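Only the coordinates and a few stated rules stand behind these numbers; no lab work does. Note that this is a predicted model, so its numbers are computed, not measured. Cβ coordinates were reconstructed from backbone atoms using ideal geometry, including for glycine residues, and neighbour counts include every protein chain displayed.
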Amino acid sequence: MESLLLGPFRSSPSSISSGEIIWRDGTFRRARLATANSCWLQVPSSCTPKTLNKYYQEYYLKNGPQRLSFHQRRSRTYLVNAASEHPLESDPGAYGSKNPWNSMKNAVDAFYRFSRPHTVIGTALSIVSVSLLAVEKFSDFNPMFFGGLLEAVVAALMMNIYIVGLNQLFDIEIDKVNKPYLPLASGEYSIGTGVTIIISSLVMSFWIGWVVGSWPLFWALFISFILGTAYSVNLPLLRWKKYAVAAAMCILAVRAVIVQLAFFLHMQIHVYGRPALLSRPLIFATAFMSFFSVVIALFKDIPDMDGDKVFGIRTFTVRLGQKRVFWTCISLLQMAYAIAIALGLISPCLWSKVVTVMGHAVLASILWARAKSIDLNSKVAITSFYMFVWKLFYAEYLLIPLVRQFMEKLETVKRVENSPIIRLDVYHLI
């Protein structure tokens, strides 16, 4: 059987032949080697660095930081040698293959992990959702809308890759502990490759912003570039991620303010040629996503506490502890959902009221149920919950356009009630 064995070798890999874990009933079983008194975990030999990390994290929780090296055995089977008390590294040929198709798949998988897909999805969804807030009538769904949306999404995604790539470039040693599956930390990407990708992404992002000629879009990219660079670069007066408040404010500014306002104005001014008016739905979206951005800024450091401690990154989690920060995040999200439900209850539009109230109530209930059952001592469980928070983030951007409908309806009703002409007509009818 083709497999990977994860565990600390006390003898040469070739000398170990007994005690291997076998595949039973479609699941992997753990076993302890009697000869070496070591814990082994078997995983498929076809697994990528991303999936390998799931198994590595389980081992990490028991044994601390490990150093992985890969040894080929027979034709297509690998042994993973985990030697304690060393940062994560990979043998350069561990994932290599003479098959062009496998090489291409590995390259795509590495770039996928490098781009931090949960942030890419969040950026794309947020821009689409905010752009819909600028649509006033059905005829606004025209080629100009889709062209302007595509320009904004592509430019923003290029800037997103620059920001997350730059962070990885300056966090290689930290990521060897916190996120050993990332390409720079695992050794799949050289520093030169990482630099090439982030510079190319940055140039492409600014080039699109300049060619499009939309000042809201260009300023969104420029401010994101400044904050993203200040967040990660290890130079005097920079490296703001070392300071908990500054780090949270960077994420809040980009995710909650710039994305909402700048991309709305891009559609409103550049695409439709309308005045720069900020609608109530946009203000609601900005306020609500501020809660989410603060939660993401706080929660992202919970699974990374070990590496942050070692390298002196004084996050709120390091200062206050995992449990306190975790429940602070849950409280902020529940507060945001309560506000959204309250707004939904005063909606004069029945279908929007039902969707808004029920949607946020369901999300709040699921969040609470998962929060109550999480094991805060498990790094795997905390990381999984963090990804769940991002899914809630995505879901909210699907609900925001519906919130916009009842808020505009409410605003229309208030204008009608306060109209003297309407009151005069009612008086004469009486």
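Below is a table of values for the structure above.
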{"read-out": "Ala338/Lys105 FRET efficiency (R0 45 Å; Cβ-Cβ; nearest 0.05)", "value": "0.50"}
{"read-out": "Which listed pairs, of Lys105/Lys179; Lys179/Lys300; Lys176/Lys309; Lys105/Lys176; Lys105/Lys379; Lys179/Lys372, have C-alpha distances above 18 Å, in listed order", "value": "Lys105/Lys179; Lys105/Lys176; Lys105/Lys379; Lys179/Lys372"}
{"read-out": "FRET E, pair Ser365, Val233, Förster distance 30 Å, beta-carbon r, rounded to 0.05", "value": "0.10"}
{"read-out": "Point-charge dipole on Cβ atoms (K/R +1, D/E -1) for the stretch 120-257, about Cα centre, debye to 20", "value": "320 debye"}
{"read-out": "Length added when fully stretched, Trp210-Met144, from 0.36 nm per residue minus Cα-Cα", "value": "22.0 nm"}
{"read-out": "Computed lengthening from Val154 to Val245, 0.36 nm per intervening residue step minus Cα-Cα distance", "value": "29.8 nm"}
{"read-out": "Cβ-based net charge around Asp171, under 13 Å, with every Lys or Arg adding one and every Asp or Glu removing one", "value": "+2"}
{"read-out": "Between the stretch 131-198 and the stretch 285-332, the alpha-carbon center distance in angstrom", "value": "22 Å"}
{"read-out": "Footprinting exposure proxy for Trp390, Trp210 (fewest neighbouring C-beta atoms within 10 Å first)", "value": "Trp210, Trp390"}
{"read-out": "Paramagnetic label zone (point 7 Å from Cα along Cα-to-C-beta, Met358; backbone N under 16 Å) in the stretch 381-399", "value": "399"}
